[in-house]
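Q: Submitted below is the structure of interest, expressed as structure tokens.
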Amino acid sequence: MDILVLVFESTHKVLKAEKLLKSEKIDYEIIPTPKDISSDCGMSVRLMPEQIDIDHIRSCLGDNNIVFKVYKRKM
């Protein structure tokens, strides 16, 4: 099974993204950022891609000036 990991530049951005994802009723989980991805921010957001419209998420977060990177991972 694949997952998407959204990585942000700061914990503040993760928390802001969490608030927006919650308001959009998007299923997510806050996880520790995998060390092989980044050491910049210790928290990331995990999404299950089969349930997610990533274009909608990019738009929602982008409209709120939240910059992030998306990584596809095996679970």
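Q: Please name which of Ile66, Gly42, Ile54 has its Cα lying farthest along the dipole of the chain towards the positive end, using unit charges on Cβ (Lys, Arg +1; Asp, Glu -1) and the Cα centre as origin.
A: About the Cα centre, the residue reaching furthest to the positive side is Gly42.
Q: Right, something else. Can you pull out the GluC sites (Glu not before Pro) in region 10-39 that DSSP calls coil and that have at most 14 other Cβ atoms within 10 Å?
A: Answer in residue order: Glu24.
Q: In a Gaussian network model over the chain where Cα atoms closer than 10 Å are linked, find which of Asp27, Asp55, Asp36 has the largest mean-square fluctuation.
A: Asp36
Q: Next question, about the same structure. Where nothing but the Cβ of Lys and Arg (+1) and of Asp and Glu (-1) is charged, how large is the charge dipole of the chain around its Cα centre, in debye to the nearest 20?
A: Numbers: 12 positive and 12 negative charges, 35 e Å.
For the chain, the charge dipole is close to 160 debye.
Q: Also, quick follow-up: Can you compute the helix-only [θ] at 222 nm over the chain? Use -39500 (n - 2.57) per DSSP H run of at least 4 residues, normalise by all residues, nearest 500 deg cm²/dmol. Let's see the in-between values first.
A: Details: 2 runs with 22 residues, N = 75.
Roughly -9000 deg cm²/dmol at 222 nm, from the helical runs in the chain.
Q: Taking each pair of distinct Cα atoms in region 6-75 once, what is the resulting Kirkwood hydrodynamic radius in Å?
A: By the Kirkwood definition, the hydrodynamic radius is 12.2 Å.
Readers should treat all values here as calculations from the given coordinates under stated rules, not as data from a laboratory. What you are looking at is a predicted structure, and each value in this text was computed from that prediction instead of being measured. Note: ideal-geometry Cβ built from the backbone for every residue, glycine included; neighbour counts use all protein chains shown.
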